[in-house]
1. For region 454-476, give me the residue count where each residue is part of a loop (DSSP other than H, G, I, E, B) and touching a helix residue (DSSP H, G or I) at 6+ places or on another chain (Cβ under 7 Å).
2. Yes or no: region 180-187 includes at least one residue that is modelled with pLDDT under 90, under 20 Å from Val138 (Cβ atoms) and in a loop (DSSP other than H, G, I, E, B).
3. Among residues belonging to region 539-553 that are touching a residue at least 60 places away in the same chain (Cβ under 8 Å) and over 19 Å from Ala362 (Cα atoms), point out the one that is surrounded by the most Cβ atoms within 10 Å (Cβ to Cβ).
4. With the structure loaded, tell me whether Arg515 is among the basic types (Lys, Arg), touching a Leu at 6+ places or on another chain (Cβ under 9 Å) and surrounded by fewer than 23 Cβ atoms within 10 Å (Cβ to Cβ) or whether it fails that test.
5. Could you tell me which numbered condition Val762 fails, if it satisfies all but one of (1) surrounded by 19 or more Cβ atoms within 10 Å (Cβ to Cβ); (2) within 22 Å of Pro792 (Cα to Cα); (3) β-branched (Val, Ile, Thr)?
6. If I filter region 713-738 down to residues being closer than 20 Å to Glu680 by Cβ and surrounded by 17 or more Cβ atoms within 10 Å (Cβ to Cβ), which single residue comes out as farthest from the chain's Cα centre (by Cα)?
7. Looking at Arg385, Arg433, which is the one that is over 25 Å from the mean Cα position of the chain (by Cα), of a type outside the set (Gly, Ala, Ser) and open to solvent by 40 Å² or more (accessible area, probe 1.4 Å)?
Amino acid sequence: MPRFDEIDATLAKQFAWSFVLPEDTAQIDDRLRALEDAGFMAKDGSPPISDDEPSMVLEGEVSDASGSEAGAVRSRDAARDACRPLALVVAEAWHLTDDEASARATKRLLARADRLGIELVGMDAHLAEAVRLLRLLVRHGPKMTRRQRERARTVATMLPLDHVETADLLVEIARAADRDMAEALLSDDLDEGWAPEVGDEDALAARLADVIDAGPTHACRSVAIDLLSLLDRRDGAVTALRRALRLPSFAVRARALRALATARPCAVAEEDLVHVLRDLVAHAPPDVLLDDQHEEDERTLADAVLAALAHVQPPEAEEALLDLIDAEHDAVWLDAGWATEALAVAFPDTAATMVDHWLKCARGYERTRALAALHRLPGDMAEPRLRLAATDPALVVRDGARRQWLERFERSCPVGAADVLGAELLRGPPSERFASRLGVMQGRVREARLAMARALLAEAPDREALVLLLQLVGDEAESGEPSFASPAMADGTSPALPGRGQDQDNGWAATVALRFGVLGVEGLCALAARFPEPESFGWMRRLGDLVERGAITREDAAPLRALAARHVSSTDAGRVDDSLRVLAILGAPPELLDRVLALALDDDLGAHEARSLVVSWPGRAIDVRLASEMALALAERDWTRLRYAAWLALERGAPAAAVIAQRVLEVAEREADAVDAAVECARHLREAGALDDAWAFAALRRPESPIFAVAARAWRRDDDTVRAALEAALGSPARGGASAVQAAVALLHAEPGISPRDRRLVAVLDSAAACERAELVHAMCMRGATLAVVGPQLEELLVSTDPSVTRALVGVALWLKSPKSRALLRAVLPRVVDVELRADIEEALGSVPTPYWAEG
C-alpha cells in the first residue's frame, strides 16, 4: 500500500483515464516509467513539478506536463471530496456502543466503501477514519459472509494507513486471527519496502509478542508473526518467537523460524535450529493433501532452515539432517533432496558424500535429489559431480546438471562419447553415426527414442548399439528399470520388442540380456556398477531375478558373478544381500571365503544370505574351519558367534562339530547365557541321532539348571515321557519361575498343545517375573487365550517401561481380535511407553495415531 503522497504503478493503471488516450492504453507501463523519469510522479514524497517545467515527448506525441499535473491534482481532490461523507459516517459508527448496531453500521460502511473503489485513496485526508474503518471490519469480520470478507480485503488494499492507530489495527488483526485482512496488508501488489506508520516499532513488536505467547489460538500466533515482518525492529519479539518454536503448530513454527532467520542480525540460536530439525525427524509435516496452506507452511519452513543454516551451523544439525533423510517422510518441500541441500549450505563435506550416494541410485527421481545440493556446493566439489551428472542417462538429471554447469562456469559441460554410460564396452573410437544416434537416445522425444531403441535391438550383438540402448535402459522414467514384475516369458527364448504385447512384462533388461547374450550382461553390469544403490531392490536384485528366471543363462553370467564378488569383497560395501544371493546361485570364488564367513558369523545385514552360501560351499575343507570357529567362540564365550558357527558346522555335518556341540551342552548346564547356542546344538544333534529322548528327560528333571531351557525348547513336540516331565515342571519355583514359564510355552506349542485356559497357567503367571510373564502371555494369546485369562496380566505388561518386557509383547496385538480385547488395547494405548510396541498396536487396531501437529 503506497503512502498518500505517492502514486504507484498499480493504482496509476486505474487512473490511466486521466493521462492516457484511449487508443494508447496498451502502453500504460511505458508511459508510467517515462512520467517517473521526468519527475511528474514523485517517488520520494516531493510535490509535483511546477507548471514551468518543460513538456515531454511520449512515443512521438507531445504531452503537456502542466496539463497532466493539473489532471492528477483534480483527480486527487475529487477522490477526497468523494471520501468526505464516508469519513463522517465512519466517525459516527466508531462511537456506537451497541455491538449489534455497530455490526450493522459496519456492513453498510463496507458496501459504501466498496462502491467508491479506487477513489478510496482520497481517505488520505481522513487518516484516522481510514484506520478505524479497517478496525471495524476486523472487529465484526466473524459476523460477515464470505463475500463481505472478500470485499473487506479489497477495501483494505486501497486505504492509506499512515496513522498512529495503525499499531492498534495490527494487534487487533492478530488477536482476531484475521488471515484475510493480514494478507491484504502483506499483499505482493503493494510497493516493495512499504511499511505502515505504526509509531513506536519496539512497542508494537512487544504487543505482537504478547499475542504470540498468549494466543489464544495458533491461528492468532501465525497472523501475529506474519505482521511482524512489516517491522524492521523485532528485538522485542525475539524471546516470544523462540518460545513459539516449541509449540506443536507447524504453521507457527515455520513462521517463527522465518521471522528469526530474516531478522537483522539473524536471531536464530543453535539450540533453536537443532530442536526444529530433531522434532521434524520425529514428526512428519502435515499432509499437504488435507489443506493447501500446509504446502505453503512447509515451503516456508524449508526456506527458513536454509536461511538459518547460513548463519549458525551446530554439529547436531548435521546429524539431524542425516536422520531426516533416513526418516523418508512423505513431504513436498522437506524431502531428502532438500535435506541434502541444507547439508550443502552448512556442511559441504557431508553433503558431497550424500550427493555421491544419490548419483549412484538406480532410479532417476532419486538422482535428482543431488541437483539442489550441487548448486550450493563449492566449485571444486561441484565440478566433478556435475560432470558425472551431465552424462546421466536420465534426461531430468542430465539437463539439470548441464544447465548448472553453464550457469556456474559460463561454458558448456565438456562431455563426449567417451563419457557416456557404458563407453568402456566400446573397443575403439565410436563410428561417425554414433554421435547422431546418441543425440536421439538422449533427446526429449520419447517416440523417437523408442523407435531408435527397436532398431538398435535388431543390430545385436553390435557394441555401439548396446551402449546406445543403455541410455534408455538407465532412464527409469522411460524403461521402468530395474523392474521386479513377474515376466511373461522365462524360458530363455527371444521375446518380442519391448512395448509390444507379451514382452512388456519382461522389461528392457531382460530383452537386452536375451538379445545380446554375454555382451548384454556386461552392459547390464555396467549399469549395476554405475548405479549400485540401493543395496536392496536395486540393479543387483534385478539381475539376480533374471538369472533365476533364465533370461540370463549361467553360461553368460560370468560378468555378473565377477561384479557380485567385487561388491562382497569391498570393505566399504553396505548391505550385500543381493550380491550374496547372486553368488549363492552362480557360485562364489574361493578367495571370498574369509569375507563370506565373517558375514555369516555375525548378526548383521546380509548374514542370512551369507550363511546360506556357506552351507552350500563346495568342498569339505571349510568344515575344519567352521569347527575351529566353534571352538574359538566357545573359549571366548562369544555366544552369538558360537550359535551361528554351530548352525553352519552342524548343518554341513562337520565331524568335529558334534564333539564341540556336546561340550556346549555341558557348559549350558551352568551358564544361562549359553542357552541360545546350546539350543542350536541340541536340535542338530537330535536330528543326527546323537541325542536321544533319555537325555531330554534327564534335562527336564533339573528345572534349577539352564539346561532345562535347552531341552524345553529343543524337545517341544515329542512323546508322553517328555510331556510328563514338562507338566511336572509347571509347579516348579526354580530360577524365579523361569523354568515353569519355559515348560508352559513348550506345552502350548506341543502337538497336541495344552489349552490356554488351563488353570495351571494362571498359577505360572502369578509366580513368574515380568519378562517371563510377557513371553508366556504372548504364547497364550497365540493359542487363543480369552481376555478373562490374560487381561489383568496383559494390561500391566503393556504399559511396562522395561524394554525386555515390551520387546516380548511386540506382535501380540495381532492375536487379540475379540471386541473386548480391542477395547482393552484402545484403552491402554495412550499409556504404552515403548514406541515399537505402540506402533504395533496402532497398526493392529487400524487406528490413526493422535496427530502431533495441532493447528487452529
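The values are calculated or read from the model by the stated rules, or taken from the named source; none is laboratory data. These numbers come from a predicted model, not from an experiment. Note that we place each Cβ from the backbone using ideal geometry, even for glycine, and neighbour counts take in every protein chain shown. Quick note on the areas: whole protein, heavy atoms, side chains included, nothing else; ligands and nucleic acids left out. Shrake-Rupley method; radii C 1.70, N 1.55, O 1.52, S 1.80 Å.
1. At the first step, the residues of region 454-476 found to be part of a loop (DSSP other than H, G, I, E, B) are 458-462, 474-475.
Add one more test, that the residue is touching a helix residue (DSSP H, G or I) at 6+ places or on another chain (Cβ under 7 Å), and what stays is 459-461, 474-475.
Residues meeting the conditions: 5.
2. Looking through region 180-187, at least one residue is modelled with pLDDT under 90, under 20 Å from Val138 (Cβ atoms) and in a loop (DSSP other than H, G, I, E, B).
3. Residue satisfying both the conditions and the ranking: Ala551.
4. On the way: among the basic types (Lys, Arg): yes; touching a Leu at 6+ places or on another chain (Cβ under 9 Å): yes; surrounded by fewer than 23 Cβ atoms within 10 Å (Cβ to Cβ): yes.
So Arg515 passes the test.
5. (1)
6. At the first step, the residues of region 713-738 found to be closer than 20 Å to Glu680 by Cβ are 713-718, 722, 738.
Checking which are surrounded by 17 or more Cβ atoms within 10 Å (Cβ to Cβ) leaves us with 713-716, 718, 722, 738.
Numbers: Arg713: 43, Ala714: 44, Trp715: 47, Arg716: 46, Asp718: 51, Val722: 54, Ala738: 44 Å.
That would be Val722.
7. Numbers: Arg385 fails: over 25 Å from the mean Cα position of the chain (by Cα).
Within the list Arg385, Arg433, the selection yields Arg433.
So that you can scan it fast, the table gives a plain yes or no per residue for (1) charged (D, E, K, R); (2) in contact with a Lys or Arg (Cβ under 8 Å, 6 or more places away or on another chain):
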site	(1), (2)
Ser222	no, yes
Ile225	no, yes
Thr239	no, no
Leu245	no, yes
Ala261	no, no
Pro265	no, no
Glu271	yes, no
Leu277	no, no
